[in-house]
1. For the range 164-204, which positions are open to solvent by 40 Å² or more (accessible area, probe 1.4 Å) and free of Cβ contacts under 8 Å to residues at least 40 places away in the same chain?
2. How many residues does the range 214-273 hold that are open to solvent by 50 Å² or more (accessible area, probe 1.4 Å), of a type in the set (Asp, Glu) and in contact with a Lys or Arg (Cβ under 9 Å, 6 or more places away or on another chain)?
3. For the range 107-116, give me each residue that is among the basic types (Lys, Arg) and open to solvent by less than 80 Å² (accessible area, probe 1.4 Å).
4. In the range 205-227, how many residues are touching a residue at least 12 places away in the same chain (Cβ under 8 Å) and outside any loop (DSSP other than H, G, I, E, B)?
5. Which residues, counting only those in the range 239-273, are aromatic (Phe, Trp, Tyr) and either touching a Ser or Thr at 6+ places or on another chain (Cβ under 8 Å) or not in a strand (DSSP E or B) (or both)?
6. I'd like to check which strands (runs of 3 or more DSSP E) are fully inside the range 32-81 and have at least 1 residues that are in contact (Cβ under 8 Å) with a residue 40 or more places away in the chain and of a type in the set (Phe, Trp, Tyr).
7. So, Ser193, is that one in contact with an Asp or Glu (Cβ under 7 Å, 6 or more places away or on another chain), modelled with pLDDT under 95 and of a type outside the set (A, V, I, L, M, F, W, C) or not?
Amino acid sequence: MSLDLLKRLAVGFGALIVLWLGAELVRDNPGDGVTEFELLSPDTEQLDSIVVTRMIDDVSLRRVGDDAWSVNGYRAAPTSVTEFLDALRGGVRAELVAQNPSSFSRFDIADETARRVQVFIGSAPTLDVLVGKRGRDFQSIYLRWPGQDEVYVARSQLGTFVDRPLSDWRDKSIARVQFDVIAGIEVTRGNGSYRLVRADSGQWNINGDPADSTGVARLAGQFASLNGTGFPSEAQMDSVDLETPDRRVVVWGADSTVLAELVFDSTAASGYW
């Protein structure tokens, strides 16, 4: 193949790329419709609930206290709700990419396929928006107001939250007990057990004998921020036995006040429920 022919092919290939990019711009940008896509007002203190409707399942977040939320009846992870509200606050810069319902399937934003986010104060929705698939940029998402034909693309974290599995919304914290308030720990494994007790002098004893302070600190430190990694499915729950647990741990503080009590059932994956 001659050098002259290679040059011609390179020029032709470059022209095709330019034409393709131009077609993409025309297809996804029917105009220069850049707008501010208003979501929630900055003040979210009055919000009562958030519902994300999805094809597979729904996520229902409800306020159960000043700073506490539930998700589908379970305790919700506070940071997840806070981050979601941050993503919903204010407006996002959005660009108009389509104005015809025939394009909805391309963006996964038809009524029957889109994720729908509704935010309520009482029974009245203060926000109702449809969320489609992600754009070419992983942080961009397609948005549409229900009942309207215009489809927008915006850089927003909404895609992360509308796709989040239910288990990732739930609070996985098990215990929050600081070492300096622990007066004793009792561990039962099968038919055996041991008790760790802090003396008035600060010395730890195990079943009445001096204990290794490093080992005690390592064990007690686990309770400062003890988190689970997930939750059993309905099928797995059938085999979980916490009535006759493999292990039991009781942590108490001053005046024998129980600070944490945990029971364990082993799993097939070398973990514990």
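The values are calculated or read from the model by the stated rules, or taken from the named source; none is laboratory data. Being a predicted model, the structure only gives us computed values, none of them experimental. Quick reminder, even Gly has a Cβ in these numbers, built from the backbone with ideal geometry, and neighbours come from all protein chains shown. Surface accessibility is based on the protein's heavy atoms, side chains included, excluding ligands, DNA and RNA. Shrake-Rupley method; radii C 1.70, N 1.55, O 1.52, S 1.80 Å.
1. Pro165, Asp180, Asn191, Ser193, Tyr194, Arg195, Val197, Arg198, Asp200, Ser201, Gln203
2. Final tally of qualifying residues: 2.
3. Result: Arg115, single match.
4. Residues in the range 205-227 being touching a residue at least 12 places away in the same chain (Cβ under 8 Å) and outside any loop (DSSP other than H, G, I, E, B): 8 in total.
5. Tyr272, Trp273
6. Output list reads 34-38.
7. Yes.
Every residue, every condition in (1) surrounded by fewer than 19 Cβ atoms within 10 Å (Cβ to Cβ); (2) without any contact (Cβ under 8 Å) to a residue 40 or more places away in the chain; (3) part of a strand (DSSP E or B); (4) of a type outside the set (Ser, Thr, Tyr), yes or no:
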residue: Ala94; (1), (2), (3), (4): no, no, yes, yes
residue: Ser105; (1), (2), (3), (4): yes, yes, no, no
residue: Gln118; (1), (2), (3), (4): yes, no, yes, yes
residue: Thr126; (1), (2), (3), (4): yes, no, yes, no
residue: Leu130; (1), (2), (3), (4): no, yes, yes, yes
residue: Gly147; (1), (2), (3), (4): yes, yes, no, yes
